[in-house]
1. Being over 26 Å from Pro304 (Cα atoms) and not small (Gly, Ala, Ser) narrows it down to one residue among Glu144, Glu91; which is it?
2. Working only within the stretch 217-245, note down all residues that are under 16 Å from Gly262 (Cα atoms) and either surrounded by 17 or more Cβ atoms within 10 Å (Cβ to Cβ) or of a type in the set (A, V, I, L, M) (or both).
3. So in the stretch 260-317, with the set limited to residues that are acidic (Asp, Glu) and outside the structural domain of Lys394 (by TED's automatic domain parsing), which one is surrounded by the most Cβ atoms within 10 Å (Cβ to Cβ)?
4. Residues in the stretch 198-206: is at least one in the same structural domain as Glu398 (by TED's automatic domain parsing) and surrounded by fewer than 17 Cβ atoms within 10 Å (Cβ to Cβ)?
5. Just to confirm my filter: which strands (runs of 3 or more DSSP E) fall fully inside the stretch 141-208 and include at least 3 residues that are more than 23 Å from Ala117 (Cβ to Cβ) and away from the ligand (no atom under 16 Å from the Cβ)?
6. Counting just the residues of the stretch 87-132 that are of a type in the set (Val, Ile, Thr) and more than 16 Å from the ligand (Cβ to nearest atom), which one comes out surrounded by the most Cβ atoms within 10 Å (Cβ to Cβ)?
7. Please find, among Asp111, Asp102, the residue that is outside any loop (DSSP other than H, G, I, E, B) and of a type in the set (Asp, Glu).
Amino acid sequence: MQVSLSSQTIRPEIQALQAELVQWRRQLHQYPELGFQEQQTAALICDRLNAWKIEHQAGIAKTGVVAVIPGAHPGPVLAIRADMDALPIQEMNQVPYCSQRDGLMHACGHDGHTAIALGTARYLHQHRQDLHGTVKIIFQPAEEGPGGAKPMIEAGVLKNPDVDAIIGLHIWNNLPLGAMGVRSGPLMAAVELFDCVIHGRGGHGAIPQQTVDPIVVGANVVSALQTIVSRNLDPITSGVVTVGKFQAGDAPNVIPDVAKLGGTVRYFDPALDGFFPQRLEDLIAGICQSYGATYNFDYQQLYPATVNHPGMTDLVRSVVESVIETPQGVVPECQTMGGEDMSFFLQQVPGCYFFLGAANAELGLNYPHHHPRFDFDETVLGTGVELFVRCVDKFFKEGLTYIG
Ligand code: NI
C-alpha cells in the first residue's frame, strides 16, 4: 500500500523546520543512550529549550525533562509524551549519522520521537499568543526498560498544572510512510515476565528410580502452560504465554538437580490483570507436587496494556484524516503484542497513542524495529509535528467534549 500525504497539509512553517528536525534526530542518533542514562540527550533537549526560552524542568526520574508552554489564553492542559532512550544493539547501517557508540543504537525511532517533540515545542512556543490552553511536553527516559513513565508520574509530571489528556506517537516501520495506525481501546499488550526454578533430585541417568528428574517435570510444565491460553482464556480474547528459556543438565547420562524456566506473558484485556501469575503458579505447583519436586516462582508485571480512550482516539483520528489524502491510510488493525510504558500515562488520564507509518521500501528503510539496520524515512518528522500541532489546536477548541 502506498499512501500519499497532501503536500499542503504540512504548513510551510513546519516544512521549514524539517532540516532542523533531521539535524536533531541525526545528532541524537549518533549518541544513543540507554534508559536512565540519557544525560547527553537531556542536555541537547535543555539546550534547545533554553535557546527558545521555554520553561522546563530537568532531572525528573533521573534524566526526564518536562517543558511547559502556557498559551496566552486560559484553557485545558494537553500533554505530549516522547520517549528518548536507545537499545543495546550494534548498528549495522552505514550512514553518515551512524551511532558513534559501540553496542548502542537508536533502533526503535525514539531519536525521531524526541526530535518531533522538540519541533512541536518550538512551533507551539512561537504561536503561544494563539493558544487557548497549556501544553506540557514530557521527554521520558527508559521506555525500553525498566520504564520511565511510572517514576515520572510519581514525580508529579501530570500535576501542577493538572493534565487533562495526553497524546503520543510511535514512528512505525510496520506501516508504510503516509499510513497511520489509530485504534480505540487496547493498542499494545501488557508485558509480564516469569522465572521458575524446579528443584528435583539428581542422579545416574540409568537409575532414574532414585531421582526426581527436573527435566521431565519442566517438560510437563512447558506443555501445561500452553493450555492457559488455549483452555482458560475466552477464545475471543488474545494472549500469549511463551517459555523462552529452559536450561537444565550438562551431560547426557546424568539427571540434574534443577531445571530453570523463564518466559513472557502478553495480553490486551486489563480485566486479565492478576490472572496469569495465579494460573501459572497453580499449574507449576500441581505438577511439581505430583512428581515430588519443589519450585521457586518469580513473576513480574512490567507494563500494563496500552489502552486508548475512545474520545481522544476520535480526536486523533479526525486530525490524522485531515492530514492523509487516502482514507485507507488510517489503519485500525494496528494492534501489537509489543508493550509500551505509555500505558501508565493512559491509566491516569484519557489519551491516545498512535503509530506513524515510516517505512519506505524503495529506499531500503523498512527493517523492523530493534533490528541492527533499522532506520526510517525522515519525512515523518515534519508530519509528526504537524499532527501534534493540529491535535493541540483541536483539543483546545473542542477537547473537553471528546473526554466528556
Ligand atoms: Ni519504541
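1. Values: Glu144 fails: over 26 Å from Pro304 (Cα atoms).
One residue alone meets the criteria, Glu91.
2. Of all residues in the stretch 217-245, those under 16 Å from Gly262 (Cα atoms) come to 217-226, 228, 240-245.
Hits for the stretch 217-245 are Val217, Gly218, Ala219, Asn220, Val221, Val222, Ala224, Leu225, Ile228, Val240, Val241, Val243.
3. Just the residues of the stretch 260-317 that are acidic (Asp, Glu), to begin with: 269, 273, 281-282, 298, 314.
From the residues that got through so far, the ones that are outside the structural domain of Lys394 (by TED's automatic domain parsing) too are 269, 273, 281-282, 298.
Numbers: Asp269: 19, Asp273: 14, Glu281: 15, Asp282: 12, Asp298: 11.
My answer is Asp269.
4. So in the stretch 198-206, the residues in the same structural domain as Glu398 (by TED's automatic domain parsing) come out as none.
Checking the stretch 198-206: not a single residue is in the same structural domain as Glu398 (by TED's automatic domain parsing) and surrounded by fewer than 17 Cβ atoms within 10 Å (Cβ to Cβ).
5. On the way: elements: 165-176, 185-188, 190-199.
The qualifying strands (runs of 3 or more DSSP E) are 190-199.
6. So the first thing to find is which residues in the stretch 87-132 are of a type in the set (Val, Ile, Thr), and the list is 89, 95, 114, 116, 120.
When the remaining residues are screened for being more than 16 Å from the ligand (Cβ to nearest atom), the result is 95, 120.
Numbers: Val95: 11, Thr120: 27.
The extreme case among them is Thr120.
7. Values: Asp102 fails: outside any loop (DSSP other than H, G, I, E, B).
Of Asp111, Asp102, the one residue that is outside any loop (DSSP other than H, G, I, E, B) and of a type in the set (Asp, Glu) is Asp111.
Conditions (1) of a type in the set (Ser, Thr, Tyr); (2) in contact with a strand residue (DSSP E or B) (Cβ under 6 Å, 6 or more places away or on another chain); (3) in a loop (DSSP other than H, G, I, E, B), marked per residue:
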{"position": "Asp282", "(1), (2), (3)": "no, no, no"}
{"position": "Gly286", "(1), (2), (3)": "no, no, no"}
{"position": "Ser290", "(1), (2), (3)": "yes, no, no"}
{"position": "Val319", "(1), (2), (3)": "no, no, no"}
{"position": "Ser343", "(1), (2), (3)": "yes, yes, no"}
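The values are calculated or read from the model by the stated rules, or taken from the named source; none is laboratory data. Keep in mind that what you see is a predicted model, and the values were worked out from it rather than measured. With ideal geometry, Cβ positions are generated from the backbone for all residues, glycine too; neighbour counts draw on all protein chains shown.
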